[in-house]
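Here is the structure we will look at, set down as structure tokens.
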Protein chains: 2
Amino acid sequence: MVKKVKARSVPFSQTRARHANETAEDYVEAVMELIAELGECRVLDLARYFNVSHVTVSRIVKRLHDENLLHTMPYKPVELTVEGLKLAKRVKDRHLVVLAFLMELGVDKTNAEIDSEGIEHHVGSKTLAAMKKFLKK
Amino acid sequence: MVKKVKARSVPFSQTRARHANETAEDYVEAVMELIAELGECRVLDLARYFNVSHVTVSRIVKRLHDENLLHTMPYKPVELTVEGLKLAKRVKDRHLVVLAFLMELGVDKTNAEIDSEGIEHHVGSKTLAAMKKFLKK
DNA sequence: CATGATCCGTAGCCATTGCTACATTTAAAA
DNA sequence: TTTTAAATGTAGCAATGGCTACGGATCATG
Ligand SMILES: [Mn+2]
Ligand SMILES: [Mn+2]
Ligand SMILES: [Mn+2]
Ligand SMILES: [Mn+2]
């Protein structure tokens, strides 16, 4: 008789899929925010924002341009496509819910900001709804 | 007058650091669990568990061996070092808290299992404490 | 004890995201 | 207008974690 292991592979597959979207989500949100704050979004603004080199940003911006999330021309500011803006709004809304939820739970702002930056990408629609419900009470 | 952007780089740096630990955390937890359930933990057990190829597992096991988290000899089952067991216990405890928390919040078990698999790695000590407190009430 | 199935390791590919060093473009100052 | 500083791009390296293909080791079974 061979013991069978529970089908735990689904959560891991889902987590890997979410990690694959994480960079795109953070970047479109950052571009939207930087344009709102600075009027435009330059590669170096993103590099400072994420605390990475401008080279890393430049390459990722190129990839997200290929994925139709960002507009970009050499030496020009980065902009959002229609698709990118839609994603940015959705992601920012979710991020704000997670942040508010953690603070409502009693976590200080500093730690809520740190943890929510990672947690946001792993919050599915059901969990997001539960957090919103909690916030209403 | 130049507008200055808030220091948002800290959360992103922290999130990247946590992602760097994620594989190690999931693997030691998996090894502990598979040994508990099957008596031993083989490379292929881990491959099935994570839904990846045995090659991916083999390379990662080697790296975690170099980091003194796992014991491994060619063609032998994988075991935990003292350090690995300590980490596994800590990680499993945190994972269970996150899972129970999500379910207490009203998320169904299936989605709670999926989301907690990613969220766990981004839950700092403050957030973990807040979740435990919530569960006590 | 032979052998075939299963398990595991190795070679080698790709994508992603970090980095430094250097080249080029753009924009500001002299 | 020339010159210099800042911003951006390019080349090339490393680590990580996916994969397939193939070969060698182990073990159960005949
Ligand atoms: Mn965000
Ligand atoms: Mn984030
Ligand atoms: Mn996990
Ligand atoms: Mn994550």
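The values are calculated or read from the model by the stated rules, or taken from the named source; none is laboratory data. Note that this is a predicted model, so its numbers are computed, not measured. As a convention, Cβ positions derive from the backbone with ideal geometry for all residues, glycine included, and neighbour counts pool all protein chains shown. Heads up: the accessible areas ignore ligands, DNA and RNA and are worked out on the full protein's heavy atoms, side chains in. Shrake-Rupley method; radii C 1.70, N 1.55, O 1.52, S 1.80 Å.
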Within region A:79-100, residues under 26 Å from A:F134 (Cβ atoms) and in contact with a Ser or Thr (Cβ under 8 Å, 6 or more places away or on another chain) come out as A:H95, A:V98, A:L99
Spot the failing condition for B:V55; the list is (1) within 14 Å of chain A (Cβ to nearest Cβ); (2) closer than 23 Å to A:S13 by Cα, and only one is missed.
(1)
Residue hits (region B:107-126; open to solvent by 60 Å² or more (accessible area, probe 1.4 Å) and either facing chain A (nearest Cβ under 7 Å) or within 20 Å of B:A88 (Cα to Cα) (or both)) are B:D108, B:E113, B:S125, B:K126
Scan region B:34-44 and tell me whether some residue there is at pLDDT 95 or above, of a type in the set (D, E) and under 17 Å from the mean Cα position of the chain (by Cα).
no
When the residues of region A:33-47 are filtered to those that are more than 10 Å from chain B (Cβ to nearest Cβ) and either basic (K, R) or free of Cβ contacts under 8 Å to residues at least 24 places away in the same chain (or both), which remaining residue is surrounded by the most Cβ atoms within 10 Å (Cβ to Cβ)?
A:R42
So B:D26 passes all but one of these: (1) closer than 23 Å to B:E120 by Cα; (2) among the acidic types (D, E); (3) more than 10 Å from chain A (Cβ to nearest Cβ). Which condition number does it fail?
(3)
How about region B:41-80: which of its residues are among the acidic types (D, E) and either in contact with a helix residue (DSSP H, G or I) (Cβ under 8 Å, 6 or more places away or on another chain) or at positive phi (or both)?
B:D45, B:E67, B:E79
If you go through region B:127-135 one residue at a time, do you hit one that is open to solvent by 10 Å² or more (accessible area, probe 1.4 Å) and either under 19 Å from B:A17 (Cβ atoms) or out of contact with any helix residue (DSSP H, G or I) (no Cβ under 9 Å at 6 or more places or on another chain) (or both)?
yes
Scan region A:56-67 and give yes if some residue there is more than 11 Å from DNA strand D (Cβ to nearest atom), closer than 30 Å to B:E120 by Cβ and among the polar types (S, T, N, Q), otherwise no.
no
Every pair of residues 6+ apart whose Cβ atoms lie under 7 Å, when the first sits in region A:48-59 and is without any contact (Cβ under 8 Å) to a residue 40 or more places away in the chain and within 21 Å of A:E37 (Cα to Cα) while the second is away from ligand 4 (no atom under 16 Å from the Cβ) and not in a helix (DSSP H, G or I)
A:R48/B:V5; A:Y49/B:V5; A:Y49/B:R8
